[in-house]
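The values are calculated or read from the model by the stated rules, or taken from the named source; none is laboratory data. These figures come from a predicted structure and were not determined experimentally. Glycine also receives a Cβ, built like all others from the backbone with ideal geometry; neighbour counts cover every protein chain displayed. What goes into the accessible areas is simple: the full protein's heavy atoms, side chains included, and nothing from ligands, DNA or RNA. Shrake-Rupley method; radii C 1.70, N 1.55, O 1.52, S 1.80 Å.
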Amino acid sequence: MSKSKNIDFSAERKFVSKLYIAVLTEKMSVREALLQFPKNCEDKSIIAAWHALCHLEADEDIRKKDELYAKEQDEYIEYIAFTLDKGAELAQNIINSYLPYHDDALTPSNNNVNGIIHQLKKFLCD
């Protein structure tokens, strides 16, 4: 059983949902939202949501050229936002699609001793 099953991440998920909505309504840039993600969070849904926002940013050129692609991606981002707003875990297929990238997630971490220890632990144990 994974750590995320033992810990209630609903508050963090709801917070990330608000970041998603701010991005979708253009009240916040993707970069600003990524920087505000919960620090040192090990929830697979939040890590997958982080990657989904990264892909949204990376696909900016494609979105400008392909209206249908942009619409589908917006609907996907909305689905993630609404799911997280309930405090729920993302669908396993969404989590699985980002698992290969989990180790590369540059989610924010605390710059205090606990944050440094967390990053060191993640580096050494992975």
Using the per-residue mean of other Cβ atoms lying within 10 Å as a proxy for protection, in what order, highest first, do the peptides 92-100, 12-20, 50-58 fall?
12-20, 50-58, 92-100
Carbon plus sulfur fraction of accessible area for region 1-98, probe 1.4 Å, in percent
52
Taking a probe of 1.4 Å, how large is the accessible area per residue of region 1-74, in Å²?
61
Give the residue from Ala49, Phe37, Leu68 lying farthest towards the positive end of the charge dipole for region 26-76; charges sit on Cβ (+1 for Lys and Arg, -1 for Asp and Glu) and the dipole is referred to the Cα centre.
Phe37
Rounded, prolate or oblate: which one fits region 16-97, using the alpha carbon gyration tensor with axes a ≥ b ≥ c (rounded when a/c is under 1.5, else prolate when a/b beats b/c, else oblate)?
prolate
